[in-house]
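Here is the structure we will look at.
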Amino acid sequence: MSEIIKIAVDAMGGDGSPKKVIDGIILNHHTNKDNFFKIFGDENKIIKLINEKIDKHFYEIVHTNNTVKSTDSPLEGAKRGKDTSMWLAIESVKNKETDIVVSAGNTGALLVISKLNLKMIENIDKPALSALWPNKKGMSVVLDLGANIECSSKNLLDFSIMGSSLYTSLYPNDKPNVGLLNIGSEEIKGNEIIKETFQILNDKKSDNYDFAGYIEGNHLMDGEVNVIVSDGFTGNVALKTAEGTANFITSELKKAMTGSIIGKISSLLNISNLKKFKKRLDPRLYNGAIFIGLDSPVVKSHGGTDFVGFSNSIDVCNRIVKGNLIEKIKQNI
């Protein structure tokens with residue numbers, strides 16, 4: 001049996017919780033027995049959902065009635081007290097009772113409570129929110145996705161190191177290519193911070209990644225670059241644009257395939273290829289943003305995902321811990 005990964009779970013965050021969270025734990029447990037779950041939330045609700053579905057040796061429930069609401073501002077969420085399911089889950093990582101924490105709750109509150117409880121990795125000035133995106137050749141790590149609206153060249157350099165460390169933790173056999181998201185591929189394009197960062201990365205030789213220069217938004221999915229670095233404002237706009245485009249394409253294709261008799265016949269004849277297409281664009285399979293830069297990893301599941309998406313965020317937790325993400329960042333920084 002592999003080494004057990006201890007995962008702290010905020011069971012009360014996100015839409016449809018705690019049911020979707022517990023169903024996600026159950027689904028994940030069917031394929032992976034390497035995880036132990038320390039579950040924080042309303043024990044009366046949780047026990048009804050998990051009882052006899054998983055052996056009791058694989059989980060522990062820590063009861064609390066207090067939760068962070070989705071409508072809370074980040075400060076309001078933090079002020080709800082140190083006995084919310086989110087705070088207690090993060091605190092368990094701080095106290096080394098668990099290896100990593102995952103929550104589908106309020107993103108802003110999660111970031112604030114994490115920063116209040118966990119120390120920054122030495123020489124990292126700002127943490128970043130990162131996520132996995134599909135591309136033509138596999139997957140990319142993209143950061144920052146909204147934790148920092150304004151960034152210095154030092155911050156972007158740190159993001160490059162953290163992003164490449166995350167990529168090698170998840171894909172240990174590959175050496176990542178790092179690219180700076182910009183409005184053009186020429187060296188003269190972009191603001192002064194982007195240009196300064198380009199020069200630093202271009203001059204800095206690293207054994208952990210190769211610098212590929214600038215990357216434009218229309219090439220994010222090409223797969224030539226697998227760590228994409230930007231400030232939080234630009235990264236968040238890119239993320240929402242990609243999500244909206246994927247939803248639009250899927251919706252329009254569904255209309256075309258079901259809007260007429262010919263379309264329905266065509267969809268039946270191509271059912272196998274359509275399933276592959278749907279799976280490739282299924283956001284649940286890429287669920288699990290990672291808040292990195294702190295001395296313990298924090299994973300944010302999308303609040304609107306279902307139990308399948310939450311199960312995939314648990315997979316991300318497992319791979320991050322097994323890939324020694326924090327140690328890799330400390331070595332590379």
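The values are calculated or read from the model by the stated rules, or taken from the named source; none is laboratory data. Note that the coordinates shown come from a computational prediction; the quantities given were computed from them, not determined experimentally. Methodologically, a virtual Cβ is constructed for each residue, glycine included, from the backbone with ideal geometry; neighbour enumeration extends over all protein chains shown.
A few points about this structure:
- If you go through region 116-152 and keep only what is surrounded by fewer than 24 Cβ atoms within 10 Å (Cβ to Cβ), within 20 Å of Gln331 (Cβ to Cβ) and of a type in the set (A, V, I, L, M), you end up with Leu118, Met120, Ile121, Ile124.
- Test for Gly293: is it surrounded by 14 or more Cβ atoms within 10 Å (Cβ to Cβ), under 30 Å from Glu91 (Cβ atoms) and out of contact with any helix residue (DSSP H, G or I) (no Cβ under 9 Å at 6 or more places or on another chain): no
- Answer residue from region 77-104, given it is farther than 14 Å from Lys119 by Cα and among the charged types (D, E, K, R) and is surrounded by the most Cβ atoms within 10 Å (Cβ to Cβ) among those: Asp99
- The set of residues from region 292-302 being assigned to a strand (DSSP E or B) and under 16 Å from Tyr167 (Cβ atoms) comprises Ile292, Val299.
- A search for C-beta distances below 6 Å between a residue of region 312-326 that is among the β-branched types (Val, Ile, Thr) and any residue that is surrounded by 21 or more Cβ atoms within 10 Å (Cβ to Cβ) and part of a helix (DSSP H, G or I), counting only pairs 6+ apart in sequence or on different chains, returns Ile314/Asn28; Ile320/Ser169.
To keep it simple, each residue is scored yes or no on (1) touching a Gly at 6+ places or on another chain (Cβ under 9 Å); (2) within 26 Å of Thr31 (Cβ to Cβ).
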site: Glu224; (1), (2): yes, no
site: Ile228; (1), (2): yes, no
site: Ala238; (1), (2): yes, no
site: Thr241; (1), (2): yes, no
site: Ala246; (1), (2): no, yes
site: Ser260; (1), (2): no, no
site: Leu268; (1), (2): no, no
site: Asn318; (1), (2): no, yes
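- When Thr71 is tested against (1) within 22 Å of the chain's Cα centre (by Cα); (2) farther than 18 Å from Gly304 by Cβ; (3) modelled with pLDDT under 95; (4) among the β-branched types (Val, Ile, Thr), just one condition goes unmet, and that condition is (2).
- Evaluation of Met221 against the conditions (1) in a loop (DSSP other than H, G, I, E, B); (2) free of Cβ contacts under 8 Å to residues at least 40 places away in the same chain; (3) aliphatic (A, V, I, L, M) shows that the sole unmet condition is (2).
- Subset of region 226-266 [in contact with a Leu (Cβ under 9 Å, 6 or more places away or on another chain) and in contact (Cβ under 8 Å) with a residue 60 or more places away in the chain]: Val227, Ile228, Val229, Ser230, Asp231, Gly232, Gly235, Asn236, Ala238, Leu239, Ala242
- Residue in region 37-54 that is under 19 Å from Asn318 (Cβ atoms), within 19 Å of the chain's Cα centre (by Cα) and surrounded by 14 or more Cβ atoms within 10 Å (Cβ to Cβ) present: yes
- Taking the criterion of being touching a Gly at 6+ places or on another chain (Cβ under 7 Å) and of a type in the set (A, V, I, L, M, F, W, C), the residues of region 66-86 that qualify are Val68, Met86.
- Across region 303-333, the number of residues qualifying as surrounded by fewer than 22 Cβ atoms within 10 Å (Cβ to Cβ) and in a loop (DSSP other than H, G, I, E, B) comes to 6.
- Yes/no for Val308 being outside the structural domain of Thr197 (by TED's automatic domain parsing), among the aliphatic types (A, V, I, L, M), more than 25 Å from Lys119 (Cα to Cα) and modelled with pLDDT of 85 or more: yes
Conditions tested, residue by residue: (1) outside the structural domain of Asn135 (by TED's automatic domain parsing); (2) buried (at least 18 other Cβ atoms within 10 Å of the Cβ); (3) touching a strand residue (DSSP E or B) at 6+ places or on another chain (Cβ under 6 Å).
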site: Ser185; (1), (2), (3): no, no, yes
site: Ile193; (1), (2), (3): no, no, no
site: Leu201; (1), (2), (3): no, yes, yes
site: Asn208; (1), (2), (3): no, no, no
site: Phe211; (1), (2), (3): no, yes, yes
site: Ser230; (1), (2), (3): no, yes, yes
site: Ala238; (1), (2), (3): no, yes, no
site: Thr250; (1), (2), (3): no, no, no
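- Looking only at residues in region 95-129 that are out of contact with any Asp or Glu (no Cβ under 9 Å at 6 or more places or on another chain) and in contact (Cβ under 8 Å) with a residue 60 or more places away in the chain, the one that is nearest to Phe58 (Cα to Cα) is Thr98.
- Qualifying residue in region 153-168 (condition: assigned to a loop (DSSP other than H, G, I, E, B) and in contact with a helix residue (DSSP H, G or I) (Cβ under 8 Å, 6 or more places away or on another chain)): no
- Hits in region 129-152 (condition: farther than 21 Å from Phe198 by Cβ, of a type outside the set (A, V, I, L, M, F, W, C) and touching a helix residue (DSSP H, G or I) at 6+ places or on another chain (Cβ under 8 Å)): Pro134, Gly146
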